[in-house]
Amino acid sequence: MAKGRIIIDIDRCKGCALCISYCPVNILELDLTTTNERGYTPLMTNDKEKCIGCGFCAIMCPDSVITVEKFIKEAK
Amino acid sequence: MSNVKTVYKKSEGLSDFHLSYCPGCTHGVIHKLVAESLVELDLLDRTIGISSVGCSALNYDFFSCDMQQAAHGRAPAVATGIKRVKKDAIIFTYQGDGDLASIGIAEAIHAAARGENITIVFVNNAIYGMTGGQMAPTTLPGQITTTSQNGRDPETQGLPLKISELMATIPGATYVERVSVHDPKHVFKAKKALKKAFEIQRDKKGFSLIEFISTCPVNWGMTPKGAVDWAVDNLIPYYPLGVYKDKTEGIE
Ligand SMILES: Cc1ncc(C[n+]2csc(CCOP(=O)(O)OP(=O)(O)O)c2C)c(N)n1
Ligand code: SF4
Ligand code: SF4
Ligand code: SF4
């Protein structure tokens, strides 16, 4: 199971690709099949299961597009 | 089963406006740090920011605190006036290198000299962004801009001004640090510096200036990541990061 997940506010994204270079597990790319409300090519993840919830992509995004959640296992 | 912990979300210190900056411009990253710092220190409600002139001229719409727009270079003077009538307000100016280091250099120096209890967020991207990429006082030797088409020539145009070093020589300044936002580790350090500046102001300990090394992908003619890398390879060697003055720690 994935350790974390990102939620992309697609219509805020400017398709600048800055965040992509900082993902340690390389699961980010631009979704070339679509454009958002403002005409940009938005971000997408290509392998959700690999996300470790590190937050690097969100920290580097100038436009606060990405929300990051980490899944914490409950003690048994 | 697992619990979900939010690691990152848009700061409450920012409004819902879409930032007017070009894609990948690090002005946006710096805005997030200002907003997050004020929220984390619980100062947002008593903060008044001063917008300057440059690409960030519209940022009175982007922060969710009160804002006042100032004429080109005059933000530290406007900040001084507001602070003097509202002593408990937290006042920051947000100024580019054209705004602060060129037309507004006098206001910045004299605000520091008077030891005004304000915080200057100084964004050094080595160019005039808004007006189409003209040479700034901070443009590097050899750097091509629309007004230095063969590269800045120190023979006729002098060497770039190092604002943090300059401000640190002013007796009235309490805290001066230069930071960068080129990777998560440096973003974290930059936020620490900014929070310290706001704490110094809150505790009435005087003038602070945080210089951010920033990018202008559009006028530098680079991709956003290319611009960040160029800043690391070219700007940071000329503008070394670090604390230039901290009276609270005896660093002068
Ligand atoms: C009195 C006056 N002179 C000149 C200008 C034109 N002008 C607008 S922004 C700017 C420079 C902005 O550069 P900088 O402060 O580096 O900010 P950036 O746009 O790079 O963020 C200039 C010269 C003006 N608006 N007002
Ligand atoms: S949170 Fe970390 S691992 Fe997940 S997409 Fe962002 S950078 Fe990649
Ligand atoms: S999420 Fe942010 S950093 Fe990533 S491409 Fe979109 S605007 Fe750029
Ligand atoms: S012109 Fe340069 S500094 Fe201004 S928003 Fe665009 S990239 Fe940023």
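Structure notes:
- For the set B:241, B:194, the ranking by accessible area, highest first and with no ligand, DNA or RNA atoms included, is B:241, B:194 under a 1.4 Å probe.
- Two numbers describe the Cα atoms of segment A:4-70: Rg and Dmax, which are 10.8, 30 Å.
- Rounded if a/c under 1.5, otherwise prolate or oblate - segment B:20-90, Cα gyration tensor axes: oblate
- Stretching residue B:12 away from residue B:159 to a fully extended chain increases their span by 48.9 nm, per 0.36 nm per residue minus the current alpha-carbon distance.
- Surface calculation, 1.4 Å probe, protein heavy atoms: residue B:8 sits at approximately 30 Å² accessible.
- Apportionment of accessible area to carbon and sulfur, segment A:4-70, percent (1.4 Å): 52 percent
- Per-q log10 I(q)/I(0), the protein assembly as shown, q = 0.11, 0.12, 0.14 Å⁻¹ (Debye; single scatterer per alpha-carbon; no solvent): -0.69, -0.81, -1.08
- A DSSP coil position with no more than 12 other Cβ atoms inside 10 Å describes the following GluC sites (Glu not before Pro) in segment A:1-68: A:37.
- Segment A:41-51 - phi-based ³J(HN,Hα) in whole Hz, Karplus 6.51/-1.76/1.60, Gly and Pro as x: 8, x, 6, 8, 9, 9, 7, 3, 4, 8, 4
- With a 10 Å cut-off around each Cβ of B:180-191, the average count of Cβ atoms from other chains is 2.
- Most mobile of B:184, B:171, B:76 in a GNM of chain B (Cα contacts under 10 Å): B:184
- Every helix of 4 or more DSSP H residues in chain B counts as -39500 (n - 2.57), and over all residues that averages to -8500 deg cm²/dmol at 222 nm.
- Once the 1.4 Å probe is applied to the protein heavy atoms, segment B:27-249 comes out at 38 Å² accessible per residue.
- Accessible carbon and sulfur surface of segment B:57-193 relative to its total accessible area, %, 1.4 Å: 58 percent
- Working note: Karplus 6.51/-1.76/1.60 with θ = phi - 60° gives segment B:203-212 the couplings 7, 6, 9, x, 6, 9, 9, 10, 8, 9 Hz, where Gly and Pro are set to x.
- Intensity falloff of segment B:1-158 expressed as log10 I(q)/I(0), Debye formula with alpha-carbon point scatterers, at q = 0.20, 0.21 Å⁻¹: -1.24, -1.32
The values are calculated or read from the model by the stated rules, or taken from the named source; none is laboratory data. Since the model is a prediction, treat every value here as computed from it, not as a measurement. Every residue, glycine as well, gets a Cβ built from its backbone with ideal geometry; the counts of neighbours run over all protein chains shown. The protein model used for the area step is the full one, side chains on, heavy atoms only, and it has no ligands, DNA or RNA in it. Shrake-Rupley method; radii C 1.70, N 1.55, O 1.52, S 1.80 Å.
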